[in-house]
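See below for the structure under consideration.
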Amino acid sequence: MSIETPARTGTTTAPMLAVKDLVVRYGRGRKAAASPAAVDGVSFDIAPGETVGLVGESGSGKSTIGKAILGLQKVSGGSIAYQGTDITAAGPGQRRALGGELRAVFQDPNSSLNPRNTVGASLMEPLKLRGAAAAEARSKAEDMLERVGLPRDAVDRYPSQFSGGQRQRISVARALICDPKLVVCDEAVSALDLSTQAQVLNLLADLRDERGLSYLFIAHDIAVVRFLAERVVVLYRGQVMENGPADEVTGNPRHPFTQALVAASPVPRPAEQAARREARESLGIRTGAAATPGPGGCPFRLRCPLATDLCRDERPALRRVGGADVACHYA
Ligand code: ADP
Ligand code: MG
């Protein structure tokens, strides 16, 4: 296996992935037109070897973006380019050709591991689809299991015989067995307890560094995203609120919603948790279901302590504030 560290010069390398003005509406016809878009004009790039974190509350459109990239969800507008090739409306043939390069790890291992198949069968399937012989596929599966910290004889066992953390390692093995270039991790560690979460995150980081992988790392917890991501994109109601280097976005958040997310992120130490709670309350961010804004304007305005009439009338464009791009009239 050749292990090359890609150049991270950004401007000189074509992005691994370019998402531009992406819009996704669920439903059909008039129903779709009437409902707010689940993803509403989202743009971001992922450079070769870069990890981009996508963070936001439940329902903000994170998984929808992941599915659109993977070709599992139809796109209503905008474009998705993979290594310079438009894949927005890629047909089954083009998707099959991409299938080994663009892989996914989901929260629920059952979605990638058939509980009725042995672990080996699940791991060998993508290899066999690409023409590998059975013996070769089996030895690759054993190697990959070993690499993710499991015994080689796990090939002959079933997913139910493993713990949640081990099953997630198996999902990682399945995603990486074909040497992908880009892996979409959607809440890949969210169901795990804290120490298991840390182990799987470390594994993902090691594999990335060994193989020069790009990740789109999706999670609702900004602390988890912070661990792996070099760049963080913050989503609210299908729109990007902030996009910038991870240390800027998490260490010095400019958008009021990002500030709320950082303050809401759980921390293991009670004293720090209490300080966070105080900080959160002092932000004056309103919570609750009443915060459903009408169309237009800033989607966060009903919860935002800075909001004025301008925020109702005009959707804030992303603009550079310090080291990050922020969609706020007042940040
Ligand atoms: P997240 O992953 O950030 O929790 P999702 O992308 O799953 O958010 O969902 C974004 C929005 O789209 C939510 O309002 C959700 O209810 C809606 N949605 C998601 N999947 C479907 C679907 N299959 N049909 C209709 N609406 C959906
Ligand atoms: Mg989701």
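Every read-out reported here was derived from the displayed coordinates using simple, explicitly stated rules and does not represent laboratory data. All figures in this text were calculated on a predicted structure; none of them were measured in a lab. Here the Cβ positions follow ideal geometry from the backbone for every residue, glycine too, while neighbour counts run over all protein chains shown.
Over the Cα atoms of the chain, what radius of gyration and what Dmax do you get, in Å?
20.6, 67
Can you give me the Kirkwood hydrodynamic radius for the range 184-258, using every pair of distinct Cα atoms, in Å to one decimal? List each step's numbers first, then the result.
Values: mean 1/r = 0.0767 Å⁻¹.
Kirkwood hydrodynamic radius for the range 184-258: 13.0 Å.
If the label point is 7 Å along Cα→Cβ of ASP143, which residues in the range 98-114 have backbone nitrogen under 18 Å from it?
Under cut-off, by backbone N: 100-101.
Return the unpartnered cysteines for the chain, using a Cβ-Cβ cut-off of under 4.7 Å.
CYS178, CYS185, CYS304, CYS328
Under a plain spin-label model, where a point goes 7 Å from the Cα along Cα-to-Cβ, how far apart in nm are ARG320 and ASN202?
Using points 7 Å along Cα→Cβ, the separation is 3.9 nm.
By how many degrees, between 0 and 90 and to the nearest 10, does the Cα long axis of helix 164-176 differ from the longest principal axis of the chain?
The angle comes out at about 80 degrees.
When Lys and Arg each count +1 and Asp and Glu each count -1, what net charge do the other residues less than 13 Å away from ARG226, Cβ to Cβ, add up to? Write out the running numbers ahead of the final one.
Numbers: positive: ARG231; negative: ASP221, GLU230, ASP247, GLU248.
Taking every Cβ under 13 Å from that of ARG226, the sum is -3.
With the chain treated as a Gaussian network of Cα nodes joined by springs under 10 Å, which of SER76, SER163, SER60 yields the largest mean-square fluctuation?
Of SER76, SER163, SER60, the most mobile in the Gaussian network model is SER163.
Would you tally the net charge around SER163, using a Cβ to Cβ cut-off of less than 13 Å, leaving SER163 out, and scoring K and R as +1, D and E as -1? Mind dumping the intermediate values first?
On the way: positive: ARG157, ARG167, ARG169; negative: ASP193.
Charge balance near SER163 sits at +2.
As a quick test, which of the pairs LYS67/LYS181; LYS74/LYS140; LYS67/LYS140; LYS20/LYS181; LYS20/LYS74 have an alpha carbon distance above 23 angstrom in this structure? If you can, show how the numbers build up before the last one.
Working: LYS67/LYS181 17 Å; LYS74/LYS140 34 Å; LYS67/LYS140 28 Å; LYS20/LYS181 20 Å; LYS20/LYS74 15 Å.
Exceeds cut-off: LYS74/LYS140; LYS67/LYS140.
Starting from 0.36 nm per residue, how many nanometres of slack lie between ARG28 and ARG277 once their C-alpha separation is accounted for? Let's see the in-between values first.
On the way: separation 249, 0.36 × 249 = 89.64 nm, distance 4.20 nm.
The span from ARG28 to ARG277 would gain 85.4 nm if fully extended.
Please build a GNM for the chain, connecting alpha carbons under 10 Å apart, and tell me which residue among THR118, THR292, THR258 fluctuates the most.
Among THR118, THR292, THR258, the largest mean-square fluctuation in the Gaussian network model of the chain belongs to THR292.
Once amide H atoms are built 1.01 Å from N in the peptide plane, which residues 5 or more positions from LEU235, or in another chain, come under 5 Å H to H?
HN-HN under 5 Å from LEU235: VAL55, GLY56, MET241.
So, in Å, what gap is there between the alpha-carbon centers of the range 74-134 and the range 16-69?
About 18 Å separates the Cα centre of the range 74-134 from the one of the range 16-69.
Around PRO15, with a cut-off of 9 angstrom between Cβ atoms, what is the net charge of the other residues, counting Lys and Arg +1 and Asp and Glu -1? Spell out each step's value before the answer.
On the way: positive: none; negative: ASP45, GLU50.
Computed value for this residue: -2.
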